[in-house]
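S.K.: Dumping the structure here so I can ask a few things about it.
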Amino acid sequence: MEHTVNELNDAWIAAGQKVADLQNKATAMVNAEDVTVEDVMKAKDAVKTAQAQRDLAYDNLVNARAEEVAAMDKKDVKPLSDNEKTEKVKFIDEFKGMMKNDLKIINSLTSSTDENGHAAGLTIPVDVQTAIHQLVRQFDSLEQYVNHEAVTTTSGSRVYEKFSDITPLANLDDEEGEIQEQDAPKLTLIKYAIKRYAGINTVTNSLLKDTADNILQWLTNWIARKVVVTRNQAIIGKMNAVPTKPTLSKFDDIKDLQNKTLDPALITTSMFITNQSGFAELAKVKDAHGEYLIQPVVSQPELKQIGGKQVVVIGDRWLPNPAKDTYPLYFGDMKQAVTLYDREHMSLLSTNIGGGAFERDQTKVRVIDRFDVEQIDGEALAAASFKKIEDQKATIATTAPTA
């Protein structure tokens, strides 16, 4: 049974999601007390199998696209009826018309405005946005670690109670007992305001002559990468705003960061985050027994951990060093610390005038992403830094054997 390109693309995305789910399940096994060696081996094999299936799904998709393009013939291309024009096809038709400066399309897109009075542009369909966000998860995205909340308004507020401020329920001695005023929770008001983030890319004429599936693939890949980089930068900005910033210099300092800086209830859901340079430095540190500080997760050797907690590594470009030869190291529960408010309303707009397009006779397309990132509980994340971490000193002195 032959499958369409769309079906193969959906299969690839689903296979990637399956890998992510199995990896998360395997990571959770590290701290589970009732896990056996057999369970670990099964989880490891399941991840490897899922990764192989994902790679196979991608190969199938690439081959199908190549065969489709090779088999295309003008006489085989039949116009679709009105009923056959799906939302995706309509979106691609409007995208092509916008890029070719079709006045009918341009006027319809610029005549309407969004809630901020800006030209609305070409709204990306919901299913295409879903594909973009699924693709984002396969990149190195910090968004997967923070709390994500979809919103329908451009501004609003939320009330949160910090974990450290949560008080126990009051003990009422009788049915008519009253809750005392001092038992009222300490609440924090967080306001969000959706911001517009834009990126521009040049579109070639050859792309506009391509199939709808290939145009969609180009758009989803380009936008997904832009979304990852933009949202990562906004999240890192909130991570850098947390108050606690101890300087680490020895092995035990890292253990103190893990065991002393957060509420004990948050430690179970916490992780380490550093950049590539910091990870390279930490990877050299050894404990008193000569074992490296950073160890692979048993079921997934490609994942790393410190004291049973996952280590997330971000590129130096996106998570720069705070100072020369000084590296960042965060530890905490990102979902408690940071929330991303997602307007979930992406749009496109083209120009052959601005951004140097007129001088170079080019057509450029602009994508706009709408979201906001706010710090919710700064006490749920600790930000530290280090230059060089000393190895842990051996606790047992070695002596030469006697005759």
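The values are calculated or read from the model by the stated rules, or taken from the named source; none is laboratory data. Here the structure is a predicted model, which means the values were calculated and not measured. With ideal geometry, Cβ positions are generated from the backbone for all residues, glycine too; neighbour counts draw on all protein chains shown.
S.K.: Could you count how many residues in region 297-321 are in a strand (DSSP E or B) and farther than 21 Å from Thr269 by Cβ?
M.R.: Residues flagged as in a strand (DSSP E or B) and farther than 21 Å from Thr269 by Cβ within region 297-321 amount to 2.
S.K.: Further, regarding this structure: Being outside any loop (DSSP other than H, G, I, E, B) and within 20 Å of Lys304 (Cβ to Cβ): is that true of Ala15 here?
M.R.: For Ala15, the condition - outside any loop (DSSP other than H, G, I, E, B) and within 20 Å of Lys304 (Cβ to Cβ) - is not met.
S.K.: Now for a different question. Given the residues Leu340, Leu348, which is the only one that is modelled with pLDDT of 90 or more and either closer than 30 Å to Ala150 by Cα or part of a helix (DSSP H, G or I) (or both)?
M.R.: So the residue among Leu340, Leu348 that is modelled with pLDDT of 90 or more and either closer than 30 Å to Ala150 by Cα or part of a helix (DSSP H, G or I) (or both) is Leu340.
S.K.: Taking region 290-306 as the region of interest, how many residues are loosely packed, with under 12 Cβ neighbours inside 10 Å and in contact with a Ser or Thr (Cβ under 9 Å, 6 or more places away or on another chain)?
M.R.: 0
S.K.: Only one of (1) closer than 23 Å to Gln375 by Cα; (2) surrounded by 14 or more Cβ atoms within 10 Å (Cβ to Cβ) is not met by Ala193, so which one is it?
M.R.: Result: Ala193 fails condition (2) only.
S.K.: A further question follows. Please go through region 239-256 and pick out each residue that is more than 26 Å from Val146 (Cβ to Cβ) and among the hydroxyl-bearing types (Ser, Thr, Tyr).
M.R.: Within region 239-256, just Ser249 meets the criteria.
S.K.: Moving on to the next point. Is at least one residue of region 245-260 over 17 Å from Asp333 (Cα atoms), touching a Pro at 6+ places or on another chain (Cβ under 8 Å) and surrounded by 14 or more Cβ atoms within 10 Å (Cβ to Cβ)?
M.R.: Yes, that holds for at least one residue.
S.K.: How many residues does region 361-390 hold that are in a loop (DSSP other than H, G, I, E, B) and β-branched (Val, Ile, Thr)?
M.R.: 1
S.K.: Also, I was wondering about something else. Based on what the data block shows, is Asn240 among the polar types (S, T, N, Q), surrounded by fewer than 16 Cβ atoms within 10 Å (Cβ to Cβ) and out of contact with any helix residue (DSSP H, G or I) (no Cβ under 6 Å at 6 or more places or on another chain)?
M.R.: So Asn240 fits the description; yes.
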